[in-house]
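Bear in mind these aren't lab numbers, they're just calculated from the coordinates by the rules spelled out. Predicted, not measured: the structure shown is a model, and the values here were computed from it. Cβ atoms come from the backbone with ideal geometry, glycine included; neighbour counts cover every protein chain shown.
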Amino acid sequence: MAAKDYLELILNPFDILRTKKVLHVNPTVMPERKIAADTEIMVYEYDMESMESYSLKSVEDCYSFLRTESKTWINVDGLRKDDVEKLCTHFGIHQLITEDILSIGQRPKTDEINGLVFCLLSMLYFNEEQSSVETEQVSIILGRNFVISFQEDASRDVFDPVREKLKIFGSK
């Protein structure tokens, strides 16, 4: 028996401390934000009776939804700096919140600034190809009659159950 094997047998006699597969997560490495090629914007306008959804091509198309009486949810997939800044400026979102949305790798937090509630969340995903745990930052802003959500990657969208619930009559 080699010295290494003997030492391992003494330190871990029942082989219970060994993991089957090592997941590669390094908390000391800061993640880089992928520059989105395109920003996908979906708007959901809803009230007690109905829900309408719109796929928008530009941030400017969102501006008209601020003046509606119904509730509005704007979901932004892909973080392009100028698009996020335009949207935040138009909706009166504080510059510090805009910076938090664009800076990934932060700790989850909640702030209340100028009558808006801001939630920054980390969502965990298991990447089967690389056998690693990955995170995605999701930012949510709650206003008087609107919600704006920002996600880095549209392929990891977890809001489908919420959308399905909004389609059900009387579920709002």
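Things to note:
- Kirkwood hydrodynamic radius computed over segment 36-167 comes to 15.4 Å, based on all pairs of distinct alpha carbons.
- Of all aspartates and glutamates in the structure, those lying under 20 Å Cα to Cα from Lys167, and not within fewer than 8 positions of it along the same chain, are Glu45, Asp47, Glu49, Glu52, Glu69, Asp157.
- With a cut-off of 12 Å between beta carbons, the residues surrounding Ile140 carry a summed charge of -1, where Lys and Arg count +1 and Asp and Glu -1.
- At an R0 of 25 angstrom, the distance between the Cβ atoms of Arg144 and Lys57 translates into a FRET efficiency of 0.40.
- Treating r as the C-beta distance of Asp111 and His90 and R0 as 25 Å, the FRET efficiency rounds to 0.80.
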